[in-house]
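What follows is a short report on a single structure.
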Amino acid sequence: MTDRFIELRRQLHQIPEPGFCEVKTQQFILDYLSSLPPRLQIKTWRTGVLVRIPGQNPKRCIGYRADMDGLPITEQTSYPFRSKHEGYMHACGHDMHMAIALGLITHFCEHPVDDDLLFIFQPAEEGPGGAFPMLKSKEFSDWKPDLILALHIAPEYPVGTIATRPGILFANTSELFIDLCGTSGHAARPHLANDMAVAAAELTLQLQTIVSRNLNPLDAGVVTIGKIEAGTKQNIIAGHARLEGTIRTLSTEAMETVKQRIQALVRGIETGFDCKATIDCGANYCQVYNHPELTQSFLQWAQNHTRFHVVECSETMAGEDFGYFLQEIPGFMFWLGVETPYGLHHPQIEPDERAIAVAIETVSGYLKHLSQNDKAFPAG
Ligand SMILES: CC(=O)N[C@@H](CCC[C@H](N)C(=O)O)C(=O)O
């Protein structure tokens, strides 16, 4: 049974696509679903897919979400089933997440529960963010679940480990794009140009003072510049530079502080370097805030009813747009151990596929438990 979903994961691994371009991925999911019993109800939303399994005696609907997009990374794994899409890779486990969801759908087709189940294949988690527009869509609203769950692979935990925590699990995020416009010129005549490579270098270092000097150390934050581009040739002074990065904070107040300080530092660069700058904060994700009582009861259930190692973990500064679902629907997200020396977003990451069986066993057991226990649902 599990080999089947490992195989599906390997096939999905070969066709990573960027956010809202998951056309082949969507077709792959639809093709697989068409091999299952016709009692499934299926809808598409942009490149996403919604799958409803009607319950036998439904009082509620329980949702389970898997994300679908790949990353712009050139794969360097040892896999014989490497990405066929040059420059793109499933380096954040979304291929695993989708294979697990397909495994769960297959399981519940064969073993239906009382409540309706909704499986959500959501595009564009890595950006610009598919969760929020999907949540607001008519397709989703008509089938809005009463409770929602999701998981994310965790390279740092061994297979057979499940980890989560009540409250904040993932941070608030904001993308960051800064363009600096000066004047290019001959490399030998700097006094007649206005060098944006130097301005970009200065700004990159200044941005690193925000977390260390402006944020309360007890209110964590991160400012990372992941990409800097400037100039056209080694002997031409760069008239333009672009910095691309991301901001992460645990509180919304800290996010405001960081953004205000970025504004101030960029204005300082404009004055100091006599240039023009623009700041674009791109896509923002709210924090993933796990429903406290529900998460606590899941941890207890998993400890008592699974064979797996259950850990209460700390928060991460990574982001996840699943947080938008949790703003409107009680639920939680948890980590699934896939032990590998390479972290998320690394070109060599090779998650241990045995975790697919761990996830299917755990989530199918928990969804069945939820469906059989009115008290397991949060009040109201
Ligand atoms: C789990 C994970 O790695 N998520 C991404 C989410 C991206 C958020 C957004 N595009 C940004 O860069 O701010 C992450 O990088 O944490």
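Numbers for the structure displayed
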read-out	value
Every residue from region 25-42 that is touching a residue at least 24 places away in the same chain (Cβ under 8 Å) and among the hydrophobic types (A, V, I, L, M, F, W, C)	29, 33, 36, 40
Single unsatisfied condition, residue 123 versus (1) closer than 28 Å to residue 366 by Cα; (2) under 19 Å from the mean Cα position of the chain (by Cα); (3) at pLDDT below 95	(3)
Hits in region 224-242 (condition: β-branched (Val, Ile, Thr), closer than 23 Å to residue 271 by Cβ and either surrounded by 17 or more Cβ atoms within 10 Å (Cβ to Cβ) or touching a residue at least 40 places away in the same chain (Cβ under 8 Å) (or both))	225, 237
Candidate set from region 339-356 (those that are assigned to a loop (DSSP other than H, G, I, E, B) and among the aliphatic types (A, V, I, L, M)); member that is farthest from residue 3 (Cα to Cα)	344
In region 287-321, the residues that are closer than 13 Å to residue 170 by Cβ and touching an Asp or Glu at 6+ places or on another chain (Cβ under 8 Å)	288, 320, 321
Residues of region 258-286 satisfying the condition of being out of contact with any Ser or Thr (no Cβ under 8 Å at 6 or more places or on another chain) and among the polar types (S, T, N, Q)	260, 263, 271, 278
Region 168-183: number of residues that are surrounded by 23 or more Cβ atoms within 10 Å (Cβ to Cβ) and within 16 Å of the ligand (Cβ to nearest atom)	6
Subset of region 188-218 that is of a type in the set (Gly, Ala, Ser) and loosely packed, with under 12 Cβ neighbours inside 10 Å - its residue that is farthest from residue 73 (Cα to Cα)	188
Count of residues meeting criterion [closer than 19 Å to residue 299 by Cβ, within 15 Å of the ligand (Cβ to nearest atom) and aromatic (Phe, Trp, Tyr)] in region 320-376	3
Qualifying position, being over 20 Å from residue 154 (Cα atoms), touching a strand residue (DSSP E or B) at 6+ places or on another chain (Cβ under 7 Å) and surrounded by fewer than 23 Cβ atoms within 10 Å (Cβ to Cβ), among 27, 41, 14	41
Residues of region 150-164 that turn out to be in contact with a helix residue (DSSP H, G or I) (Cβ under 9 Å, 6 or more places away or on another chain) and away from the ligand (no atom under 16 Å from the Cβ), as a count	4
Lone qualifier among 221, 245, 282 - being at positive phi and surrounded by 12 or more Cβ atoms within 10 Å (Cβ to Cβ)	282
Enumerated strands (runs of 3 or more DSSP E) restricted to region 12-97, each holding at least 2 residues that are under 26 Å from residue 318 (Cα atoms)	48-53, 61-67
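One line per residue, one yes/no per condition, for (1) within 11 Å of the ligand (Cβ to nearest atom); (2) of a type outside the set (Gly, Ala, Ser); (3) not assigned by TED's automatic domain parsing to the domain that holds residue 297:
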| residue | (1), (2), (3) |
| --- | --- |
| 104 | no, yes, no |
| 110 | no, yes, no |
| 114 | no, yes, no |
| 126 | yes, yes, no |
| 136 | no, yes, no |
| 140 | no, yes, no |
| 145 | no, yes, no |
| 166 | no, yes, no |
| 185 | no, no, yes |
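The values are calculated or read from the model by the stated rules, or taken from the named source; none is laboratory data. All values reported here derive from a predicted model rather than from experimental measurement. Neighbour counts are summed over all protein chains in view; Cβ atoms, including those assigned to glycine, are modelled from backbone coordinates with ideal geometry.
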